[in-house]
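*Asks:* Below is a structure I'd like to ask you about.
The values are calculated or read from the model by the stated rules, or taken from the named source; none is laboratory data. Because the structure is predicted, anything quoted here is derived from the model rather than measured. Here the Cβ is made from the backbone with ideal geometry for all residues, glycine too, and neighbour counts use every protein chain on show. Please note that ligands, DNA and RNA were not included when accessible areas were found on the heavy atoms of the full protein model with its side chains. Shrake-Rupley method; radii C 1.70, N 1.55, O 1.52, S 1.80 Å.
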There are 2 protein chains.
Amino acid sequence: MTFYQKLVHHNQKISRLEHLEAICSWDQAAMMPEGGNSARSEALAELAVIKHELSIAPYLGEWFEQAATEELAPDEIINLREMKRSWQQANVVPADLVEKKSLACSRCEHAWRTQRDKNDWQRFCQNLKEVVELTRQEAQIRAEATGLSRYDALLDLYEPGMTTVELDELFSEVKGWLPGLIKQIMERQSQDVIMQPVGPFPVDQQQALSHTLMDRLGFDFNHGRLDKSIHPFCGGVPTDVRITTRYDEADFTSALMGVIHETGHARYEQGLPETWAGQPAGKARSMGIHESQSLFFEMQLSRSELFIDILAPLAADFFHRIDDPALSPENLTLLNTRVKPGLIRVDADEATYPAHVILRYEIERDLVEGKIEVEDIPELWDKKMSEYLGISTRGNFSDGCMQDIHWPIGAFGYFPSYTLGAIYAAQFMAAIKKEMNVDSLIRERNLQPIFNWLDRHVWKRASTVSTDQLLIDATGERLNAQYFKQHLEQRYLK
Amino acid sequence: MTFYQKLVHHNQKISRLEHLEAICSWDQAAMMPEGGNSARSEALAELAVIKHELSIAPYLGEWFEQAATEELAPDEIINLREMKRSWQQANVVPADLVEKKSLACSRCEHAWRTQRDKNDWQRFCQNLKEVVELTRQEAQIRAEATGLSRYDALLDLYEPGMTTVELDELFSEVKGWLPGLIKQIMERQSQDVIMQPVGPFPVDQQQALSHTLMDRLGFDFNHGRLDKSIHPFCGGVPTDVRITTRYDEADFTSALMGVIHETGHARYEQGLPETWAGQPAGKARSMGIHESQSLFFEMQLSRSELFIDILAPLAADFFHRIDDPALSPENLTLLNTRVKPGLIRVDADEATYPAHVILRYEIERDLVEGKIEVEDIPELWDKKMSEYLGISTRGNFSDGCMQDIHWPIGAFGYFPSYTLGAIYAAQFMAAIKKEMNVDSLIRERNLQPIFNWLDRHVWKRASTVSTDQLLIDATGERLNAQYFKQHLEQRYLK
Ligand SMILES: [Zn+2]
Ligand SMILES: [Zn+2]
């Protein structure tokens, strides 16, 4: 067996353990009764230890050295590169720092769950400072190993290849036109009369409608399921993708749009190349590309007027409300394209969402680079919220800088993925529209050519190329926020 | 850390991996879409390898030696004994024989699935001979290591402490009275007029009824679930027991009695002592004791006339058939206590079931000991079926010696557990009846004192005592088939 083959086996083994982890985590969220929780958490922690031991096994260094001298096929070289990337990421940070940060994050997250309800910034601040301090140490070590800046070294964990330089440029462009655009949209929408559909919308009917939608969006039920959980997510493994949602009997659109979003994530996973199963080259390219697929399904496709023309009669049918004007295509379109600045990121519409992300990006970038301190966050938050969205959060920490779980768990560098996803998605759609008449396809209920395009240009490429290359091959150019701007203008100002 | 403590940690680790295995296996049977199967099987196989490597880790020999010299508390000595027992069982058979047998069994089982449908004894016989040959080799090695006979060494894997000598005595006693008893019962029942309830009995109503019954039988839904699978089983872990059933809309009693049976298994698991969680001393004592709990719930308790008096109106209520005479207590009692010899073990009633088991025991015992060969099975099968149950299977291999999965998968030594379970269950009930008025308790719908007895005498003892000792402590005497005989006479001939 060559050293490359040894590494393939090694990665396959880790991937199989990730399979068990994914299913047991899904079960914990979707099936497990409360009383099973502590034993489950212990079992999953044990598995994490075994996985970690495998990923830092001492013999790997030599295997990589030897494999580098072997004659490999081009696609094997690609896989080796991805293997090495994740091996280096797992090995560079000393075990004691990993453990210290993990403990600090657990503490911070645990306390945050009650501190947020109490708007207790003072106490939260103390815990977060510890998390930030350890994150800076981690970033420093990663920076030295990669030659990147501290924040870029963290960014690289979620969005390989992305840099602060590129993000600054991209986001400052978006910041240039976004506040004005939001204002214009709000003026335009100020006269709209929207009817709020009145529940109850029974869960089993919502579920049946969700299944039908997923089916139309090509979700493969032979390789996946839809279930319920408190926090919706897309989990499982490519051969068996588990998506979840949460139903609200008073409002069916939130669960429905959530299901469509997760279906986008799911199709990416289901569409990953089987030939690379269990190998780093066969994994999703990045968090941003992953989000681009969910946002493509949710924002580009399903919130379009033409798609809602299909969705609305389906909903009216499943809820036995053929004559309910609140379920008319016109009203559902208004409802699903409403733009309104708010305090909470996860409740934001697609136009105001980037403002939430850019704000967080700017703060976490400067925090990691040591240009600001945790104490500075509330004031900066308030200033940026006022500037970007025209609303203040002064004194309201709960709905301000304490609203997200990302910082308490030490996931600095993650936030940009959300808006990168939205920008990628718009650029993909623009490229598709150059090749086919998307509007006609939606009208004909023939989405297959669109899915085929995504499959060929995104899903099947997995991690065999860089994000840059993927984008250039798929759309003919590098990342370009103009397509996202055009998308918003076309949908909201046409 | 003492060596004993090292062993405790080691067993805890294995137990946590068993947790993940149990949940992923449950998922495979109850939740997973077909297309996820091959990746799941690979992931579970990988986990089995890791578990096996842990269980035969080279350092364990020294740990056990050292632990034996340490000063231990009495309950630690007990746990050490159980640890060592399972360690020895896992280590005594050489890896290449384990692998050879595992391959032969896979082959045999896989082919059996189609051979059974085709009644193809000739081809099945060839595969089974290989399995038997390797099983004999395994038994020989286990026999040398334990000082037991070959068959006893296998029996010890499922029913520690049980021997051929004891089984021969016990089963020859049962054989002495069983055929006559069955005949008497059949004569007695020959005039009964039974109405077969006519479906459909909708699955969701059956499910709701099952949940209610489980609740009355003390199943803890904070530590477990009921779901559907093709082959009903009790899986999961003590903190989260997963039982399954299969619903037939034409016949609700099969699923219902199945659920009650699995609830018995589940309560044993849920009742195991928390203080011993993850340790060998905290596991269920044996397959026979496990089956005694399911049969206690199903046979001793739920098929009793008094319990059916409670169950029948519940069923009539859940199925909205208050006036259906087929759902009257009298008719449901007749239906659920019908005795009729048949070819298939899993369809047998409690009176004829032991005949199926004794027949298999006698054949597999002689097969393992080398007194007969695989070619002799069909004739012996036919002879014993005629002798014990008065029916012939000549030429019908599918419903004869090819009906069970146990031999194809090489599980020789398992069959006796079923009837041991029935005998233990009857003996437990007889002991309980000496302490309390079970009939009154059932009438008062107050089963708690009965469950408390089982909890104290069986569940909480786990594997901290031998089966013999457990039985003596609980019932005041060693295993005694007379209680099972009395139970049958009282129920069927009173
Ligand atoms: Zn998403
Ligand atoms: Zn059973």
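*Asks:* If I filter segment A:93-114 for residues that are surrounded by 14 or more Cβ atoms within 10 Å (Cβ to Cβ), under 30 Å from A:Thr2 (Cβ atoms) and away from chain B (no Cβ under 14 Å), do I get at least one hit?
*Replies:* yes
*Asks:* Continuing with this model, one more query. Among the residues of segment B:6-27, count how many are within 26 Å of A:Asp220 (Cα to Cα), within 9 Å of chain A (Cβ to nearest Cβ) and open to solvent by 20 Å² or more (accessible area, probe 1.4 Å).
*Replies:* Going through segment B:6-27 one residue at a time, the tally reaches 1.
*Asks:* A follow-up question, please. Could you please find all residues in segment A:279-317 being touching a helix residue (DSSP H, G or I) at 6+ places or on another chain (Cβ under 6 Å), over 23 Å from A:Asn437 (Cα atoms) and either modelled with pLDDT under 95 or more than 14 Å from ligand 1 (Cβ to nearest atom) (or both)?
*Replies:* Those that are touching a helix residue (DSSP H, G or I) at 6+ places or on another chain (Cβ under 6 Å), over 23 Å from A:Asn437 (Cα atoms) and either modelled with pLDDT under 95 or more than 14 Å from ligand 1 (Cβ to nearest atom) (or both): A:Gln279, A:Pro280, A:Ala281, A:Gly282, A:Arg285, A:Ala315, A:Ala316.
*Asks:* Out of all the residues in segment B:162-183, is one or more aliphatic (A, V, I, L, M), in contact with a helix residue (DSSP H, G or I) (Cβ under 8 Å, 6 or more places away or on another chain), open to solvent by 20 Å² or more (accessible area, probe 1.4 Å) and at pLDDT 95 or above?
*Replies:* no
*Asks:* Just one of the numbered conditions (1) free of Cβ contacts under 8 Å to residues at least 60 places away in the same chain; (2) within 14 Å of chain B (Cβ to nearest Cβ) is not true of A:Thr263; which one?
*Replies:* In the conditions (1) free of Cβ contacts under 8 Å to residues at least 60 places away in the same chain; (2) within 14 Å of chain B (Cβ to nearest Cβ), A:Thr263 misses (2) alone.
*Asks:* Looking at B:Leu295, is it farther than 30 Å from B:Asp382 by Cα and surrounded by 22 or more Cβ atoms within 10 Å (Cβ to Cβ)?
*Replies:* Against the criterion (farther than 30 Å from B:Asp382 by Cα and surrounded by 22 or more Cβ atoms within 10 Å (Cβ to Cβ)), B:Leu295 does not qualify.
*Asks:* Separate question: Go through segment B:364-383 and give me each residue that's within 20 Å of B:Asn119 (Cα to Cα) and part of a helix (DSSP H, G or I). Outline the logic, then answer.
*Replies:* Of the residues in segment B:364-383, the ones within 20 Å of B:Asn119 (Cα to Cα) are B:373-383.
Across segment B:364-383, the qualifying residues are B:Val374, B:Glu375, B:Asp376, B:Ile377, B:Pro378, B:Glu379, B:Leu380, B:Trp381, B:Asp382, B:Lys383.
*Asks:* Quickly run through segment A:407-421 and pick out the residues that are part of a loop (DSSP other than H, G, I, E, B), open to solvent by less than 20 Å² (accessible area, probe 1.4 Å) and more than 12 Å from A:Arg345 (Cα to Cα).
*Replies:* Passing the criteria: A:Trp407, A:Pro408, A:Gly410, A:Ala411, A:Phe412, A:Gly413.
*Asks:* Would segment A:225-245 turn up any residue that is in a helix (DSSP H, G or I) and free of Cβ contacts under 8 Å to residues at least 60 places away in the same chain?
*Replies:* no
*Asks:* Specify the residue that is farthest from the other protein chains (Cβ to nearest Cβ); the eligible residues are those in segment B:208-222 that are open to solvent by 50 Å² or more (accessible area, probe 1.4 Å) and in contact (Cβ under 8 Å) with a residue 12 or more places away in the chain.
*Replies:* Ranking the qualifying residues of segment B:208-222, first place goes to B:Arg216.
*Asks:* Can we say B:Ser328 is under 23 Å from B:Phe221 (Cα atoms), away from ligand 1 (no atom under 16 Å from the Cβ) and polar (S, T, N, Q)?
*Replies:* Considered against the rule, which asks whether it is under 23 Å from B:Phe221 (Cα atoms), away from ligand 1 (no atom under 16 Å from the Cβ) and polar (S, T, N, Q), B:Ser328 comes out as no.
*Asks:* Taking the condition of being aliphatic (A, V, I, L, M) and surrounded by fewer than 16 Cβ atoms within 10 Å (Cβ to Cβ), how many residues in segment B:78-89 meet it?
*Replies:* Our first condition is that a residue be aliphatic (A, V, I, L, M); within segment B:78-89, this holds for B:78, B:80, B:83.
Now drop any that are not surrounded by fewer than 16 Cβ atoms within 10 Å (Cβ to Cβ), which leaves none.
Summing the residues that are aliphatic (A, V, I, L, M) and surrounded by fewer than 16 Cβ atoms within 10 Å (Cβ to Cβ) in segment B:78-89 gives 0.
*Asks:* If you check A:Arg242 against the conditions, is it open to solvent by 60 Å² or more (accessible area, probe 1.4 Å) and basic (Lys, Arg)?
*Replies:* When the stated conditions are applied, A:Arg242 does not pass them.
*Asks:* Got at least one residue in segment B:439-446 being within 21 Å of the chain's Cα centre (by Cα) and either part of a helix (DSSP H, G or I) or buried (at least 19 other Cβ atoms within 10 Å of the Cβ) (or both)?
*Replies:* no
Let's see how each residue does on (1) more than 23 Å from B:Asn336 (Cβ to Cβ); (2) within 16 Å of ligand 2 (Cβ to nearest atom); (3) assigned to a loop (DSSP other than H, G, I, E, B):
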| site | (1), (2), (3) |
| --- | --- |
| B:Gly199 | no, no, yes |
| B:Gln205 | no, no, no |
| B:Asp215 | no, no, no |
| B:Val259 | no, yes, no |
| B:Ala266 | no, yes, no |
| B:Ser292 | no, yes, no |
